[in-house]
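See structure below.
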Amino acid sequence: MSPLEALIQTGGQGLWLGALVLLRVGAALFALPGLGETWIPARVRLVLALLLTAAILPAVSPVLPNTPPGLPLLLRALATETVAGLFLGLVLRLFVFALQTAGTIAAQATSLSQLLGSAAAEPMPALGHVLSVAALALLMVTGFHVKAAGYLILSYTFLPPLSFPDPAALAGAGRAEVGRAFALAFSLAAPFVILSALYNLTLGFINKAMPQLMVAFVGAPVITLGAVALLGLVAPALLSAWLAQLDGFLSNPLR
């Protein structure tokens with residue numbers, strides 16, 4: 001074999017391995033928080049997928065198959081790597097859903113659910129929108145692109161390439177992560193729920209003591225101002241707790 005033929009063969013094998021990684025990375029980028037948001041242009045997301053592929057390929061090339069490419073192998077890769085990448089991205093997207101759910105619970109509890117309800121691409125209360133945007137900004141500032149690359153590299157240990165994931169294992173892991181996301185959402189919204197309970201309890205005592213007073217007109221500005229003030233006080237702690245949960249998952253996705 002001439003040096004030129006060897007170079008072409010090596011380059012073709014490298015492109016094939018890169019395509020295998022790109023299938024998983026592209027599917028994961030579809031749902032990754034921050035990097036895969038719908039308001040990011042498609043061309044930018046394509047460049048991000050290519051850059052992540054170039055960063056991940058040297059680390060995962062030892063575990064990728066060295067078999068020559070072919071149509072059956074390509075179809076198998078499309079079926080397995082796409083499912084694996086989409087699952088990996090959706091698991092991280094659950095953390096954003098947890099924050100949005102926490103904002104919805106807080107808004108419903110404090111009667112702010114209609115304030116700027118359509119400010120985001122996905123309709124949600126203003127509290128959820130503010131928390132989501134702040135969380136994504138915090139996530140990107142703390143180097144999420146590096147964490148995402150490490151997470152995808154680690155995924156090849158529990159989701160081997162060109163292997164169909166066990167449906168029972170995926171279902172169990174998905175159920176556990178959904179439950180953990182709802183638990184996180186309720187934990188983050190707890191200060192606003194407590195504030196709402198105290199507000200309604202106080203309003204009930206005032207209404208009992210002075211039935212002639214229109215307590216609803218008096219209490220509406222109080223709960224609105226109290227909710228906004230509470231958001232300013234507890235938002236840093238809520239975002240820090242959310243980021244700690246996400247970093248803990250990225251460091252040990254097999255928990």
Looking at the structure I just gave you, is Pro221 over 26 Å from Thr80 (Cβ atoms), assigned to a helix (DSSP H, G or I) and either aromatic (Phe, Trp, Tyr) or in contact with a helix residue (DSSP H, G or I) (Cβ under 9 Å, 6 or more places away or on another chain) (or both)?
no
Consider the stretch 77-93. How many of its residues are within 11 Å of Pro165 (Cβ to Cβ) and either out of contact with any helix residue (DSSP H, G or I) (no Cβ under 8 Å at 6 or more places or on another chain) or aromatic (Phe, Trp, Tyr) (or both)?
3
Condition test on Ile194, is it at pLDDT 75 or above, part of a helix (DSSP H, G or I) and either of a type in the set (D, E, K, R) or surrounded by 17 or more Cβ atoms within 10 Å (Cβ to Cβ) (or both)?
no
Quick count over the stretch 104-132, residues being under 29 Å from Ala149 (Cβ atoms), at pLDDT 85 or above and among the small types (Gly, Ala, Ser), is 1
All but one of (1) in contact (Cβ under 8 Å) with a residue 40 or more places away in the chain; (2) over 30 Å from Leu57 (Cβ atoms); (3) touching a helix residue (DSSP H, G or I) at 6+ places or on another chain (Cβ under 6 Å) hold for Phe186; which doesn't?
(3)
Of everything in the stretch 157-173 that's part of a loop (DSSP other than H, G, I, E, B) and surrounded by 14 or more Cβ atoms within 10 Å (Cβ to Cβ), which residue is modelled with the lowest pLDDT?
Pro165
Could you check Leu250 against (1) in a helix (DSSP H, G or I); (2) over 30 Å from Ala19 (Cβ atoms) and say which number it fails?
(2)
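The values are calculated or read from the model by the stated rules, or taken from the named source; none is laboratory data. All values reported here derive from a predicted model rather than from experimental measurement. Cβ coordinates were reconstructed from backbone atoms using ideal geometry, including for glycine residues, and neighbour counts include every protein chain displayed.
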